[in-house]
Amino acid sequence: MSMKKAASAIAREVLPNGLVVIAESMPHARSVSLGIWVRSGSRREPGRLNGIAHFIEHMVFKGTSRRTAEQIAREMDSVGGLLDAFTSKESVCFNAKVLDEHLPLAFDVLSDMALRPLFAEEDIAKERQVILEEIRMEEDNPESVAHELLTKNFWRGHPLGAPILGTRATVKRFTRAAVLDCFGPWYAPDNILLTAAGHIELPQLLELATRAFGALKPRARRPAPAPAPASHGLLAARNKPALEQAHITIAVPSFRLADPRRYAASLLNVILGGGMSSRLFQNVRERQGLAYAVFSELTPYADAGMLSIYAGTARQNVERVLRLIAAELRRMKEEPVGAEELRRAKDHLKGSLVLSLESSGTRMSHLARQEMYFGRFFTVEELQASIEAVTRDQIQQIAREFFDPEKIAAAVIGPLAGFRLKRDLLAC
């Protein structure tokens with residue numbers, strides 16, 4: 001087993017079968033946050049089984065060879081613990097937060113779910129219906145529909161463009177055999193990462209991990225690296241007369257998660273639409289009164305990224321809001337951001353970082369992210385220094401790279417009778 005330390009509070013070790021174990025000690029805390037991370041999210045799915053990573057995430061809560069679904073819930077509730085899970089495009093996470101004295105119980109429950117799920121036929125049949133209802137619920141959310149349409153077009157022909165939940169057609173294909181075919185290689189030890197943060201030391205976590213996972217065999221063959229996606233600047237508009245608002249989504253290519261320019265991109269996002277003092281919020285909402293919700297966000301992946309913008313507005317204001325957004329993109333290309341504006345953005349980003357890392361749950365997730373995408377751990381001081389080093393010229397250069405009119409994708413959904421989404425509305 002090989003061990004390395006990135007900082008005095010963080011320790012990492014790899015079991016002989018490839019499973020990575022990382023712990024960060026927070027001596028002042030009474031809690032421990034624990035995560036089991038599977039490095040295969042929705043982008044690793046076969047196309048005809050889109051959504052099966054999320055489906056498996058649901059199914060492991062339905063019972064194991066040692067516990068029923070009710071016993072899983074009861075054991076965590078009995079100690080006041082929190083149990084959760086999520087599926088993303090690139091990973092699946094099962095996590096728990098408990099008082100430090102209850103860590104062995106939480107670890108036993110989580111590892112039991114990851115190692116010994118039953119996948120009973122009757123549970124699979126019921127859960128298919130649950131997921132279909134979840135898809136219907138998302139289809140009733142126009143903001144979600146607009147975002148999915150944008151994502152599908154932006155990453156057209158690539159698994160990143162497929163919905164994490166899957167579709168009605170793919171979910172109906174899920175069988176026990178299909179679940180087992182995916183579960184085996186995905187939940188192998190060399191594809192799993194364990195992270196914990198809080199009142200814990202690595203030897204304690206390592207003992208629990210070795211006992212539960214140490215005898216597992218790694219995969220005989222690792223899959224080939226996933227192909228990097230190409231983005232597409234496609235435009236789409238859907239008329240939904242029953243809606244009260246038009247939901248506008250816009251996207252441009254951004255950087256992969258580990259790109260050295262990520263700090264400048266994050267500051268650009270903060271300035272553009274990342275908070276109440278951002279340009280989009282102040283102009284579109286505060287000065288013009290054209291939207292209640294308007295914001296931008298970055299969505300980075302291992303090999304690509306997307307910067308997206310959302311606004312909800314009345315039908316008669318769609319063209320005006322699109323032109324206002326385009327004007328803000330153009331201004332970021334043509335003018336360096338002001339010194340005071342950049343100072344506010346840096347302080348916002350640094351402050352948000354430090355505040356978030358006071359939580360053991362955030363630190364647990366932070367460890368996993370740094371391991372999966374960087375292979376090293378950054379101190380808070382390093383992160384703050386990297387943010388501080390960004391210049392106005394760097395942000396302007398990134399804006400010129402991002403905001404290419406031919407690369408802009410957009411999707412608008414709402415009562416759009418008579419509206420045509422044309423590229424000149426997005427001219428920047």
With Cα atoms, 0 to 90° folded angle of helix 103-115 axis to the chain main axis: 80 degrees
Per residue, the convex hull volume that the Cα atoms of region 146-215 enclose (Å³): 170 Å³
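Where the only charges are on Cβ atoms (+1 Lys, Arg; -1 Asp, Glu), what is the dipole of region 305-428 about its Cα centre, to the nearest 20 debye?
Numbers: 19 positive and 17 negative charges, 110 e Å.
Its charge dipole is roughly 520 debye.
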Under the Karplus curve 6.51 cos²θ - 1.76 cosθ + 1.60, θ = phi - 60°, whole-Hz ³J(HN,Hα) for region 25-41, x wherever Gly or Pro sits: 7, 10, x, 6, 7, 9, 9, 10, 9, 10, x, 10, 10, 9, 7, 9, x
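Does region 14-123 come out rounded, prolate or oblate by the C-alpha gyration tensor, with a ≥ b ≥ c the root eigenvalues, rounded set by a/c under 1.5 and, if not, prolate when a/b is larger than b/c and oblate if not? Before the final figure, lay out each step's value.
Details: a/c = 2.04, a/b = 1.31, b/c = 1.55.
It comes out oblate by the Cα gyration axes.
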Computed magnitude of the charge dipole of the chain (debye, nearest 20; Cβ of K, R +1, Cβ of D, E -1): 1220 debye
Cα-based shape type of region 248-287, given that a ≥ b ≥ c are square roots of the gyration tensor eigenvalues and the cut on a/c is 1.5: oblate
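Could you work out the Rg to Rh ratio of the chain, with Rh taken as the Kirkwood radius (inverse of the mean 1/r over all Cα pairs)? Don't jump to the answer; show the numbers that get you there.
On the way: Rg = 22.9 Å, Rh = 23.3 Å.
Here the Rg-to-Rh quotient is 0.98.
Tell me, what is the percent relative contact order of the chain, built from C-alpha pairs under 8 Å that lie six or more residues apart?
Details: 800 pairs, mean separation 92.7, N = 428.
Rounded, it is 22 percent for the chain.
What shape does region 235-426 have by the C-alpha gyration tensor, where a ≥ b ≥ c are the square roots of the eigenvalues, rounded means a/c under 1.5, and otherwise prolate means a/b greater than b/c and oblate the rest?
Numbers: a/c = 1.94, a/b = 1.74, b/c = 1.11.
It is prolate, given that a/c is not under 1.5 and a/b is the larger ratio.
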Solvent-free Debye scattering, log10 I(q)/I(0), computed from the Cα coordinates of region 2-213 at q = 0.09 Å⁻¹: -0.39
Whole-Å distance, taken between Cα centres, linking region 311-382 and region 139-208: 24 Å
Approximate shape of region 210-261 as ellipsoid semi-axes (Cα gyration tensor, √5λ), whole Å, largest first: 42, 20, 14
Neighbour-count ranking [beta-carbon atoms within 10 angstrom, fewest first] of 328, 340, 388, 75: 340, 388, 75, 328
Inter-probe distance in nm under a simple model that places probes 7 Å from Cα toward Cβ, at residue 381 and residue 242: 5.8 nm
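Hey, what's the Cα Rg ratio for region 327-404 versus the globular rule of thumb, 2.2 N^0.38 Å? Walk me through the numbers on the way to the answer.
Numbers: Rg = 15.3 Å, N = 78, 2.2 N^0.38 = 11.5 Å.
The reported ratio for this selection is 1.32.
Throughout, read-outs are computed from the coordinates displayed, never taken from laboratory work. Because the structure is predicted, anything quoted here is derived from the model rather than measured. Cβ sites come from the backbone with ideal geometry, for glycine too, and all protein chains shown count toward neighbours.
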